[in-house]
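Read the structure below first, then the notes.
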Amino acid sequence: MWDFIGTKLGDFVTFTGFACGEWSNYIMMLVGIFFIWLAIKKDFEPLLLIPIGFGIILGNIPFKSIGLEVGIYEDNSVLNFFYSGVKDGWYPPLIFLGIGAMTDFTALLANPKLLLVGGAAQFGIFGAYIIALLLGFEPNQAAGIAIIGGADGPTAIFLSSKLAPNLMGAIAVCAYSYMALVPVIQPFFMRLLTTKKERVIRMKPARKVSQTEKIIFPIVGLLMTAMIIPSGLPLLGVLFFGNLLKESTKTTRLAKTAGSSLNDIVVILLGLTVGCSTQASEFLTADTIKIFILGAVAFAIATCSGVLFVKVMNLFLPQHKKLNPLIGNAGVSAVPMAARISQNMGLKYDKHNYLLMHAMGPNVAGVIGSAIAAGALLGFLG
Amino acid sequence: MVALLALLPMGALADGLQSLRLSEVGLSNGPEGTAWIEIQNTSYGTQNLGGFYITNNPAVLDTKLTVPERIKKMHLIPTGNPITKVTPQNCIVLYADGNDNLGLQHTNFTLQAGDIVAIYSGNGIDLVDSLTIPEDLAAGKSWAKDFKKGTWRVCDRPTPTQANDYEQAKKNNKIAEFKEKDPYGFAMAFMAMGVVFSCLLLLYLFFKFFGKLFREKESTVAPAAPLTAPTKAKPAAIADDAATVAAIMAVTDATAGTGDENLDVALIALAMQAELAHDEESGVITITPTASPWADKAEMIAAGMMK
């Protein structure tokens, strides 16, 4: 009997994480701990970095695959079931539903030309696409990586799950990491590309927007975008649907659920499973380093193109309608961080110049713009 | 722990047991007219086929065989070579030419119509996957698995090393076309940015003219403002918006300004009041309280909600 127990315990030891682990697993666990530290100590996107950080630790606990159905990549495991929302791309639309239900498009409707600023910032995506191709990525992989420039986590996950599933973990972590670093990346380029005189431009107060306009916007918005680019339907459809729930004023309960409870549930599952998907064997590669470099380049191009586009627009606008170029950075869709940076930068140069409301226009336009860009890339390559 | 021990099988199975699947076989359309077997890694992690066994001998399926007897009837795929590592969602092709001296992708058996193909894990016990080639499989065609439907079918255009389903093949063609015709991505950037700007431009034009129309309609239809209402309505609106902006600032402005939150709030409230004083009026003044559009945004920011 003792021989039997000894044999079984010997077998058992070979199945422990300590026996199966490699140094790369431990490195990834440290990365996970670092993310949690950033979230708690530095307050960098805690709602996402804590689930992702813990997911990284969870996903890198080594085990021997013997059909127990415990790993995230093993069919029928619980984690694999959670992961289906990422793999099959149905978490991102649910998050877009919440975004639509929470987003106020008033600033955009009051000044519709800000839509174009949101479009200009999407140059970041295509600049990164060109550089990714030069670095040797396949067109579908380049597209999955480049969408990081849209500064939109759900869109990045949605597109990479369709076009480059094996890079999705790195792309998702990169997208969310840089979104947390928007306050670090953007101000440098905003200062670099604007003069002191431009930074103190005071924009005309926004006009009043009627409730009718707000109700019509999601319907017309859906028709005018999804009819042109149906491949963006999963994101655009639910974004505008969520917004109609909010603006109709008759479905407040549904809008609140979509924007709070439902959104929180999906964020928890998405963050955790994205973290889990970063297994060391797939994550610690040269491609991941390239993806992180490309992500930074994409953010820089997006910021610069947004700011420069506002400056170009100002050449054609009358004096009383000029835009402050500090709102150009908000064309990336990191809501509301990018608009908050415009606000803070504006106050730094003029203590009475409040840009937050104006910057929310390109910011929400960026959400629409990046979803359209993702739809276009999917349409061409998917 | 006892329960866990009970779950452990006697032998450790190799990784990839769940993920390596037979995906396609062809009889005479491999190099120099040889038969071939495609094995797909269906997972998103790299799997190693090295150490697995493959055979066309149906006798191995007999569960009464001892492990050494079964192993003797099968071809061992060599270990220790990176060629046998199959990257996520990719395939490896083995050539069934009966000449395994040619390399580790060559087997010691050949294939005929009606044969079986079976893969066993490294312990020689666990059947990983198996298939039977149809008796009437014609030369130039293949027997392929559609992973989406989980069914096998005769494929007129064999796709060794590529995904079997038509949709995936179409996608691969699209990608290959972009790779060939647009190696630097300029065409993609031009076209996709064109799409983005077209959509946003349409929205801009619609809401520019619709907004204008709506304002004109309001100013035409709306009666003159009653004299009694403004004194009550306007301060309420100002207070509402100012409070909202103050709430926004309270959560957003940690770094800017003087550092004195009360002062910032007061300044914003005053600025808001100044803005409202010069805003375009709708022509209809009501004392019915309405929710400010910024209230929800304040909630959103306060909740730290982001994408």
Worksheet item: If you scan region A:308-362, which residues turn out to be β-branched (V, I, T) and either within 11 Å of chain B (Cβ to nearest Cβ) or under 27 Å from A:A101 (Cβ atoms) (or both)?
Response: A:I327, A:V332, A:V335, A:I341
Worksheet item: In region A:69-107, what residues are without any contact (Cβ under 8 Å) to a residue 12 or more places away in the chain and of a type in the set (S, T, N, Q)?
Response: A:N76, A:S77, A:N80, A:S84
Worksheet item: Just one of B:Q89, B:Q105 is at positive phi and either crowded, with 19+ Cβ neighbours inside 10 Å or within 32 Å of the chain's Cα centre (by Cα) (or both); which is it?
Response: B:Q89
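Conditions tested, residue by residue: (1) open to solvent by less than 10 Å² (accessible area, probe 1.4 Å); (2) modelled with pLDDT of 95 or more; (3) touching a Leu at 6+ places or on another chain (Cβ under 8 Å); (4) in a helix (DSSP H, G or I).
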residue: A:H320; (1), (2), (3), (4): no, no, no, yes
residue: A:S333; (1), (2), (3), (4): yes, no, no, no
residue: A:A339; (1), (2), (3), (4): yes, no, yes, yes
residue: A:N344; (1), (2), (3), (4): no, no, no, yes
Response to the item:
How many residues of region B:175-206 are open to solvent by 70 Å² or more (accessible area, probe 1.4 Å) and of a type in the set (S, T, Y)? The answer is 1
Discussion item. Looking at A:P112, A:P62, can you tell me which residue is at the interface with another protein chain (Cβ under 8 Å from one of its Cβ atoms) and in a loop (DSSP other than H, G, I, E, B)?
Written reply: A:P112
Worksheet item: Among the residues of region B:128-147, which ones are of a type in the set (S, T, Y) and either surrounded by fewer than 22 Cβ atoms within 10 Å (Cβ to Cβ) or part of a loop (DSSP other than H, G, I, E, B) (or both)?
Response: B:S130, B:T132
Response to the item:
Reported set for region A:234-256 where residues are without any contact (Cβ under 8 Å) to a residue 24 or more places away in the chain, β-branched (V, I, T) and open to solvent by 60 Å² or more (accessible area, probe 1.4 Å) is A:T252
Discussion item. Within region A:281-299, take every residue that is surrounded by fewer than 20 Cβ atoms within 10 Å (Cβ to Cβ) and among the small types (G, A, S) and give me the one that is farthest from the other protein chains (Cβ to nearest Cβ).
Written reply: A:A296
Discussion item. Can you tell me how many residues within region A:195-236 are polar (S, T, N, Q) and part of a helix (DSSP H, G or I)?
Written reply: 4
Response to the item:
Of the residues in region B:87-102, those that are assigned to a strand (DSSP E or B) and either over 22 Å from B:L20 (Cα atoms) or within 14 Å of another protein chain (Cβ to nearest Cβ) (or both) come to B:C91
Worksheet item: From the set of residues in region A:257-268 that are open to solvent by 40 Å² or more (accessible area, probe 1.4 Å) and more than 10 Å from every other protein chain (Cβ to nearest Cβ), which is farthest from the chain's Cα centre (by Cα)?
Response: A:T257
Worksheet item: Out of region A:368-382, which residues are open to solvent by 10 Å² or more (accessible area, probe 1.4 Å), within 7 Å of chain B (Cβ to nearest Cβ) and either touching a His at 6+ places or on another chain (Cβ under 9 Å) or in a helix (DSSP H, G or I) (or both)?
Response: A:F380
Practice prompt. Starting from region B:33-61, take each residue that is on the phi < 0 side of the Ramachandran plot and list its partners that are of a type in the set (D, E) and at pLDDT 90 or above, counting only C-beta distances under 7 angstrom and pairs at least six apart or across chains.
Written response: B:E38/B:E24; B:N56/B:D115
Discussion item. Looking at the structure I just gave you, is A:N140 at the interface with another protein chain (Cβ under 10 Å from one of its Cβ atoms) and more than 17 Å from the chain's Cα centre (by Cα)?
Written reply: yes
Discussion item. Go through (1) open to solvent by less than 40 Å² (accessible area, probe 1.4 Å); (2) β-branched (V, I, T); (3) assigned to a helix (DSSP H, G or I); (4) within 25 Å of A:S160 (Cβ to Cβ) for A:T278 and report which single condition fails.
Written reply: (3)
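The values are calculated or read from the model by the stated rules, or taken from the named source; none is laboratory data. Everything numeric here is computed off the predicted structure, so don't read it as measured data. Quick reminder, even Gly has a Cβ in these numbers, built from the backbone with ideal geometry, and neighbours come from all protein chains shown. Heavy atoms of the whole protein, side chains included, go into the accessibility calculation; ligands, DNA and RNA do not. Shrake-Rupley method; radii C 1.70, N 1.55, O 1.52, S 1.80 Å.
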